[in-house]
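Okay, structure first, notes after.
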Amino acid sequence: MANPVRVPHLALNWHPAGDLVITHASGCEMYDNHGRRHLDFTAGIGVVNTGHCHPRVVAAIEGQARALLHSQSYIALHPPILNLAKKLASVSPGAIDTFFFVNSGSEAVEAGMRMARSATGRPNIIAFQGGFHGRTAGAMTLTTSNATYRSGALPFISGVYYAPFPLPFRHRIPADEAAARCLQAIEDMLGTQTRPEHTAAFVIEPIQGEGGIHVAPDAFLQGLREICDRHGILLISDEIQAGCGRSGRMFAIEHAGVAPDVILIGKGIGSGLPLAAMGTSRALMDRVPYGSQGGTYNGNAVACAAALATLEVIEEEGLVQAACKMGAHLLSRLMALASQFPGMSLDVRGRGLMAAVEIRHADHRPATAEVESIHARCRKNGLLLLASGQEANIIRMTPPLVVTRAEIDEAVDTLSAAFDAVLT
């Protein structure tokens, strides 16, 4: 990794890619303090699904800010939180109809862990290798996408176990074989590491985001649902990055025809304002003791107003369908690009507007240095991308759902020039 950026008076311990300062943005375009345009294919790490500063979201924020900034929800409720909960219930899968609002994805994960253990009376939770769930104590315990994130955070909380996630390209096997192997490994875990009657929940990203846009095969999610049903284990779907339309369905797990017991929502729900939620059925939520969840700013009025406007924009502007259509074009362009470098091993994968190109050498060594150089060239040429994967050899693309065909072509053309310069 390149030397970390230093900015006076600001802690940048998360290794920012540079000292870029953005002053304003609209749609998929961002402008820096020198007036230079940047094409944003990060969406703030999957946050601004409706695009930067969507007029309807901005209007909702402005209107709510004039009416009420904050009312602590245990003292007095407000219309935005009531309307948002009702709207989320109408778009959530299965029996999920009751929501607890928090400020960040990490908090939603923590709430889901507490709820699962409390509702089932079981102590253990199974997460998946390569997953990213946040940086608070419980969420970081579930996170294994990169050992760097865990450095200095030990010891973690107890009662967490890790199952393998299907990685066909990594292990050079077909997707159905990868799914079958991982399901068998889970069966083995339930006989050797944590018995079913001690296991409260599985926590899974249907599409691993920070881990490298690894899409769980539908058969794997269906098999996992069957295991949960057989043993009374809760299935928690972490949709913090993949949800809110990004995958081409409202929630990514729906591609497999599977309904989770608990859903974790964040990032794209607020179009840039801090908001997240843990949702489940009323019957399951009622098994949680009063007072076991809480927080001063949970369900902030302005953030809830932004989220309600976000969901309305996603629905009325057809952004779920747009993610399917534009995502197909993006993946098609990336596959065509990857085919031009037979001397390297490239894997293009994704769903909707979650796409990645993993780059390895012909002998399958990770092309870490090459990917760093590609990122730097794209950034210099006005294209913002994300790196991911434990070996930092994966280029991740998560543009706003309002991205146009022309903007996708511009981004891939810029990426192609960087590939030509680095990989040939």
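The values are calculated or read from the model by the stated rules, or taken from the named source; none is laboratory data. Keep in mind that this is a model prediction, so the values were computed, not measured. FYI the Cβ positions are ideal-geometry reconstructions off the backbone, even for glycines, and counts take in every protein chain you see. In case anyone asks, the SASA skips ligands and DNA or RNA and just uses the protein heavy atoms, side chains included. Shrake-Rupley method; radii C 1.70, N 1.55, O 1.52, S 1.80 Å.
Might you let me know whether the range 64-73 holds any residue that is assigned to a loop (DSSP other than H, G, I, E, B), under 21 Å from Gly266 (Cβ atoms), among the small types (Gly, Ala, Ser) and more than 21 Å from the chain's Cα centre (by Cα)? Yes, there is a match, as at least one residue in the range 64-73 is assigned to a loop (DSSP other than H, G, I, E, B), under 21 Å from Gly266 (Cβ atoms), among the small types (Gly, Ala, Ser) and more than 21 Å from the chain's Cα centre (by Cα). Of the residues screened, Ile96 is one that is within 28 Å of Gly350 (Cβ to Cβ) and either of a type in the set (A, V, I, L, M) or open to solvent by 30 Å² or more (accessible area, probe 1.4 Å) (or both).
If you filter the range 380-406 down to residues that are touching a residue at least 12 places away in the same chain (Cβ under 8 Å) and more than 22 Å from the chain's Cα centre (by Cα), you find that the one that is farthest from Gly35 (Cα to Cα) is Arg405.
With respect to (1) under 21 Å from the mean Cα position of the chain (by Cα); (2) free of Cβ contacts under 8 Å to residues at least 12 places away in the same chain, the lone exception for Pro342 is condition (1). Total residues in the range 121-151 satisfying the condition of being open to solvent by 40 Å² or more (accessible area, probe 1.4 Å), in contact (Cβ under 8 Å) with a residue 24 or more places away in the chain, among the polar types (S, T, N, Q) and out of contact with any helix residue (DSSP H, G or I) (no Cβ under 9 Å at 6 or more places or on another chain): the figure is 1. Does the range 64-84 hold any residues that are open to solvent by less than 30 Å² (accessible area, probe 1.4 Å) and of a type in the set (Gly, Ala, Ser), and which are they? Answer for the range 64-84, where residues must be open to solvent by less than 30 Å² (accessible area, probe 1.4 Å) and of a type in the set (Gly, Ala, Ser): Ser71, Ser73. Being free of Cβ contacts under 8 Å to residues at least 60 places away in the same chain, closer than 21 Å to Gly389 by Cβ and either in a helix (DSSP H, G or I) or out of contact with any strand residue (DSSP E or B) (no Cβ under 6 Å at 6 or more places or on another chain) (or both) is true of Pro166. When each of Ile81, Ile96, Ile75, Ile126 is tested for being modelled with pLDDT under 95 and of a type in the set (A, V, I, L, M), the lone residue that passes is Ile75. Restricted to the range 315-339, and to residues there that are out of contact with any Gly (no Cβ under 7 Å at 6 or more places or on another chain), of a type in the set (A, V, I, L, M, F, W, C) and without any contact (Cβ under 8 Å) to a residue 60 or more places away in the chain, the residue that is surrounded by the fewest Cβ atoms within 10 Å (Cβ to Cβ) is Ala336. Of the residues in the range 200-214, at least one is under 24 Å from Ser158 (Cα atoms), among the small types (Gly, Ala, Ser), touching a helix residue (DSSP H, G or I) at 6+ places or on another chain (Cβ under 6 Å) and at pLDDT 95 or above.
Going by what's in this entry, would Ser345 be described as under 18 Å from Thr398 (Cβ atoms) and surrounded by fewer than 20 Cβ atoms within 10 Å (Cβ to Cβ)? Against the criterion (under 18 Å from Thr398 (Cβ atoms) and surrounded by fewer than 20 Cβ atoms within 10 Å (Cβ to Cβ)), Ser345 does not qualify. Out of Leu154, Leu190, one residue alone is buried (at least 18 other Cβ atoms within 10 Å of the Cβ) and out of contact with any Ser or Thr (no Cβ under 6 Å at 6 or more places or on another chain). It is Leu190. Number of residues in the range 271-314 that are among the acidic types (Asp, Glu) and without any contact (Cβ under 8 Å) to a residue 12 or more places away in the chain equals 1. I'm trying to understand the selection: among the residues of the range 375-409, which are more than 21 Å from His54 (Cβ to Cβ), part of a helix (DSSP H, G or I) and among the acidic types (Asp, Glu)? Once the filter is applied, which keeps residues that are more than 21 Å from His54 (Cβ to Cβ), part of a helix (DSSP H, G or I) and among the acidic types (Asp, Glu), the range 375-409 yields only Asp409. Within the range 95-142, if we keep just the residues that are in a helix (DSSP H, G or I), hydrophobic (A, V, I, L, M, F, W, C) and under 16 Å from the mean Cα position of the chain (by Cα), the residue that is farthest from Leu235 (Cα to Cα) turns out to be Met140. Close Cβ contacts (under 7 Å, 6 or more residues apart or on different chains) running from residues in the range 100-120 that are surrounded by fewer than 24 Cβ atoms within 10 Å (Cβ to Cβ) to residues that are assigned to a loop (DSSP other than H, G, I, E, B) and of a type in the set (Phe, Trp, Tyr) comprise Asn103/Tyr297.
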